[in-house]
1. Run the quick spin-label model on residue 30 and residue 165: label points 7 Å from Cα toward the beta carbon, then report their separation in nm to one decimal.
2. Once you keep just the Cα pairs under 8 angstrom separated by 6 or more residues, what percentage relative contact order results for the range 17-188?
3. Tell me which aspartates and glutamates have Cα within less than 17 Å of residue 84's Cα, excluding those fewer than 8 residues away on the same chain?
4. Subtracting the Cα-Cα distance from 0.36 nm times the residue separation, let me have the gained length for residue 52 to residue 100 in nm, one decimal.
5. Among the listed pairs 120/183; 155/183; 53/79; 52/104, give every one whose C-alpha distance is greater than 18 Å.
6. How much length is gained on full extension from residue 153 to residue 108, taking 0.36 nm per residue of separation minus their Cα-Cα distance?
7. How big is D for the range 17-188, in µm² s⁻¹ as a whole number, if Stokes-Einstein is applied with the Kirkwood radius of its Cα pairs at 37 °C and 0.692 mPa s?
8. Loop-only GluC sites (Glu not before Pro) in the range 78-136, please: DSSP not H, G, I, E or B, and at most 11 other Cβ atoms within 10 Å.
Amino acid sequence: MIRTLLALALLAAVQDPRPQFPLLDQPLKDFKLRDLTRDAETWISLSDYKGKKTVVLIFTSYNCDACGDYENRMLKIIKDFEGKDVVFLGVRSSAEDDASGMRKYAVEKGFKISFLDDPKNVLADYLDVLVTPTFYVIDPKGVLRYRGALDESLKESRAKQTWLRDALQAVLEGKEVALKSTKIIGCHMPRVEPGK
């Protein structure tokens, strides 16, 4: 009986194509994090882009195989939206990564975007990031419009959906995002131990 109930609960979780997330369509509180790709005195805030640009946050990890599977697709979407009113920001929150390693990763892989340092998991906790990679689209008013995966498959050849691209395009065109939240596939993101 317990096994049957557990199986039904797992099946329901997998079948739910639109998981609920309380911050969706709400203004996010501001954050300010150090930019790992620049000097130690360069900080970036969400408010820096308010009224100017759409922001895409990419929570990633150089120790996550799933992030490696998505690298080419991440680089492609960044390039495809180059020159538009959008800024992509990588975020390091995983306890398995360090700042210098993330900086090296960004350079070696050709990410020409800023990477933010979230060493105490403050932003990750606020946005309830549990998996890398996870993507967030925030409109120019600072309202969260999308949270989820880039697409539905770790294997690029099997990916048919364009969830992140669709959400970003809708926000840039001033339209409602059709699918606001999707199931995220990737690596569990370990937190920093309290007091460290």
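Readers should treat all values here as calculations from the given coordinates under stated rules, not as data from a laboratory. Just so you know, these numbers come straight off a predicted model, no measurement behind them. A quick note on method: Cβ atoms are made from the backbone with ideal geometry, for glycine too, and the neighbour counts reach across all protein chains shown.
1. Result: 3.5 nm between the two label points.
2. Numbers: 328 pairs, mean separation 51.3, N = 172.
Reported relative contact order: 30 percent.
3. 48, 139, 166, 173
4. Values: separation 48, 0.36 × 48 = 17.28 nm, distance 3.01 nm.
This chain segment gains 14.3 nm when fully extended.
5. Values: 120/183 25 Å; 155/183 16 Å; 53/79 16 Å; 52/104 29 Å.
Correct reply: 120/183; 52/104.
6. Value of the extension gain: 13.8 nm.
7. Details: Rh = 16.0 Å.
Rounded to a whole number, D works out at 206 µm²/s.
8. On the way: sites: 82, 96, 108; in loops: 82, 96.
Those satisfying the criteria are 82.
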